[in-house]
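*Asks:* My questions will all concern the structure given below.
Bear in mind these aren't lab numbers, they're just calculated from the coordinates by the rules spelled out. Small disclaimer: the values here were computed from a predicted structure and weren't measured. Note that each Cβ is placed from the backbone with ideal geometry, even for glycine, and that neighbours are counted across all protein chains shown.
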Amino acid sequence: MKKILFLLLFVNAYVFAQQTVKVDLRNPNTTIYSHLYFLQPDSYNASKAALTIRGIPKKEAITKAIKIKEILDGKGLVVDFSEVPTDPNYLDTISASLNSIEKLKNQYVPFPDRLPEIYVEKIGSRWYYSKETIKSIDEIYKNTFPWEFKWLQKHYPSFFDEKVKEVHLWKPIGILILIAFSFLLYYILIPIIFYILKKIQTLFIKDKTYQSSFDLLREIARILVLIIILYIIEKLLPSLQLFKINNFLFLALDIAQTVFWVYFFFKIIKLLILNYINFSKKTHSKLNEQLAPILNKLLMGFIVLIGFLKILTLFGVDPATVMAGASIGGIAIAFAAQDSVKNLIGTINIFMDQPFRLGDWVVIGGVEGMVVKVGLRSTRVRAADTSISQIPNSKVSEMEINNMGLRLYRRYSTELGIRYDTPPELIEAFVQGIREIIIAHPDTRSESYNVEFTEFGDSALKILVNVFFKKLDWGDEQSSKHMLHIAIVKLAAALGVDFAFPSSTLMIEQLPGQESLALKYNINEKDINSSIKAVLKEFEEIDHTVDTNASSLPD
């Protein structure tokens with residue numbers, strides 16, 4: 001009798017406990033709470049949980065209610081009831097950007113980003129799971145649990161029921177199998193992906209320069225395989241039914257995927273930059289090679305920013321808030337670093353217009369020298385005294401640039417001053433000899449030069465020498481000048497022509513017993529011609545190969 005009484009009291013207490021929480025469908029919060037509450041182990045009542053679904057038979061509603069709960073558990077989605085609205089007339093304002101105000105619906109989506117197909121809606125005065133949710137729940141369940149554990153549990157119930165310290169034995173075994181499968185897949189897929197990447201690259205790059213990127217392609221293949229394995233684990237993880245632990249596991253998987261994707265794009269950028277450098281070497285444009293590190297920094301910075309914003313969204317930060325914050329932050333940074341922004345724009349203009357190349361001799365404003373580097377913020381110019389001038393790119397893009405490196409030829413003009421008492425015959429011979437030296441010079445334009453007696457100076461007769469050198473490098477020009485000057489000096493010595501210098505001469509020609517002070521010149525035409533020929537023969541026999549590295553300006 002006592003046992004029967006105790007049983008009745010237990011049943012009444014149980015019934016009372018079950019009645020403390022009733023099925024409440026007044027708003028989204030109470031509907032979702034009722035559904036999940038009555039599927040918990042301590043308060044399990046599938047019939048009451050199924051009341052949140054309408055329009056289908058009770059047995060089918062129970063099955064679908066259970067599937068919804070298993071899908072949430074499998075994906076590691078935990079409902080935060082403090083965020084679920086309690087307004088009976090709640091409108092889905094999240095869809096405001098997609099619909100007009102008139103088309104807003106009485107519906108609530110608990111997980112709009114990860115599970116938008118499951119949501120509740122208001123029907124009459126109560127809230128139920130939507131008709132679309134009921135229609136798609138079987139397909140969602142199938143996609144969430146690709147491994148048919150139900151079939152295994154049905155045929156091997158004893159194995160699936162076996163526990164060790166309250167843990168089902170099949171779950172750790174399943175985890176070990178998944179880990180072993182991942183390692184096996186890793187070593188199988190790497191050579192396959194690497195082979196595919198090589199084939200893809202050879203479609204775009206026909207020469208053998210692509211071979212230098214094989215190591216990089218192998219790294220990209222490894223990263224791709226890791227990303228594929230992470231997606232497979234994410235797909236199969238719900239089948240292990242780890243429930244609440246899945247929430248942390250999925251977060252870790254999402255973070256790992258984001259990191260690997262960032263690393264993948266790093267390697268892709270590095271591969272593209274490497275191929276771009278190889279292409280630039282063919283164009284012989286040093287400025288294009290200088291663009292490579294700048295593009296590398298900009299693109300990698302952009303990828304890091306995108307990855308950082310993605311990780312913020314994984315921790316629950318609203319994407320719209322992230323984008324708004326990024327926009328506001330970008331504006332604030334732009335105002336705080338206006339000069340840097342100007343320099344960046346100037347850098348873009350320089351690489352688009354390409355007013356000079358590395359190694360060109362330029363005059364930018366008041367700075368003259370060789371361009372040695374074009375950076376993200378400034379351009380460096382090395383002057384003739386080897387000092388470095390650093391000019392902000394914002395100013396470079398606005399200044400007048402005289403690029404001597406783009407000249408077809410290097411023009412060189414000088415004046416030679418010879419003594420006033422030089423006979424006309426020797427002047428003519430000296431001028432003709434210089435002309436022939438220019439013609440014989442391997443680095444001058446023989447069809448374009450000027451050598452003329454042009455002016456009577458204060459202390460000398462002025463002979464203009466105007467030539468054009470073929471070599472554009474500054475060091476080569478100095479070597480060419482050296483060869484020309486030495487030949488002219490030898491010619492003057494052979495002819496007996498003296499170079500003048502500022503002086504005043506007092507000549508007394510009629511002192512008794514003294515000879516005239518006037519210089520005596522050899523103006524014999526035969527001797528003059530033989531002197532010129534001797535100088536030219538010597539000039540033509542000189543080895544004109546000059547080590548320009550010694551005379552070139554250091555980089």
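*Asks:* Could you work out how far apart the two model spin labels at LYS131 and VAL259 are, taking each label as a point 7 Å from the Cα in the direction of the beta carbon, and quote it in nm?
*Replies:* My value for the distance between the label points is 4.7 nm.
*Asks:* Could you calculate the contour length gain from TYR409 to SER448, that is, 0.36 nm times the residue separation minus the distance between their Cα atoms, to one decimal place in nm?
*Replies:* On the way: separation 39, 0.36 × 39 = 14.04 nm, distance 1.07 nm.
Full-extension gain reported as 13.0 nm.
*Asks:* Let me ask something else. For region 17-144, what's the relative contact order in percent, using C-alpha pairs closer than 8 Å and at least 6 residues apart?
*Replies:* With pairs under 8 Å counted, the relative contact order is 27 percent.
*Asks:* Work through the residues other than ILE62 whose Cβ is under 15 Å from its Cβ and net out their charges, Lys, Arg +1 and Asp, Glu -1.
*Replies:* +4
*Asks:* Right, another one. Please work out how much length the chain gains when fully extended from ARG218 to ASN522, using 0.36 nm per residue of separation minus the C-alpha to C-alpha distance, in nm with one decimal.
*Replies:* The ARG218-ASN522 span can extend by a further 101.3 nm.
*Asks:* First measure r as the distance between the Cβ atoms of ILE427 and GLU398, then evaluate 1/(1 + (r/R0)^6) with R0 = 60 Å and state the FRET efficiency to the nearest 0.05.
*Replies:* Between ILE427 and GLU398 the formula returns 0.75.
*Asks:* At a 10 angstrom cut-off on C-beta neighbours, averaged per residue, how do the peptides 301-313, 30-42 rank from highest to lowest?
*Replies:* Descending packing order for the listed peptides: 30-42, 301-313.
*Asks:* Sticking with this structure for a sec: What does the charge add up to near PRO355, with Lys and Arg as +1, Asp and Glu as -1, over the other residues with Cβ less than 12 Å from its Cβ? It would help to have the intermediate numbers written out before the result.
*Replies:* Details: positive: ARG357; negative: ASP353, ASP360, GLU398, GLU400.
Local net charge: -3.
*Asks:* Can you sort PHE315, PHE266 from fewest to most other Cβ atoms within 10 Å of each residue's own Cβ?
*Replies:* Listing PHE315, PHE266 from fewest to most nearby Cβ atoms yields PHE315, PHE266.
*Asks:* OK, next. How would PHE265, PHE469, PHE430 line up from fewest to most surrounding beta-carbon atoms within 10 angstrom?
*Replies:* Values: PHE265 19, PHE469 22, PHE430 26.
So the ranking, lowest neighbour count to highest, is PHE265, PHE469, PHE430.
*Asks:* Limiting things to C-alpha atoms, what are the Rg and the maximum Cα-Cα separation (Dmax) for region 356-405, in angstroms?
*Replies:* 9.5, 26
*Asks:* A further question follows. Tell me the label-point distance for the pair LEU309, ASP385, using the 7 Å Cα-to-Cβ offset, in nm and rounded to one decimal.
*Replies:* Reported label-point gap for LEU309 and ASP385 is 5.0 nm.
*Asks:* How would you rank ASP527, ASP360, going from fewest to most other Cβ atoms within 10 Å of each one's own Cβ?
*Replies:* Lowest to highest Cβ neighbour count: ASP527, ASP360.
*Asks:* Stokes-Einstein at 20 °C, 1.002 mPa s, Kirkwood radius from Cα pairs: D for region 17-144 in µm² s⁻¹?
*Replies:* The diffusion coefficient I find is 144 µm²/s.
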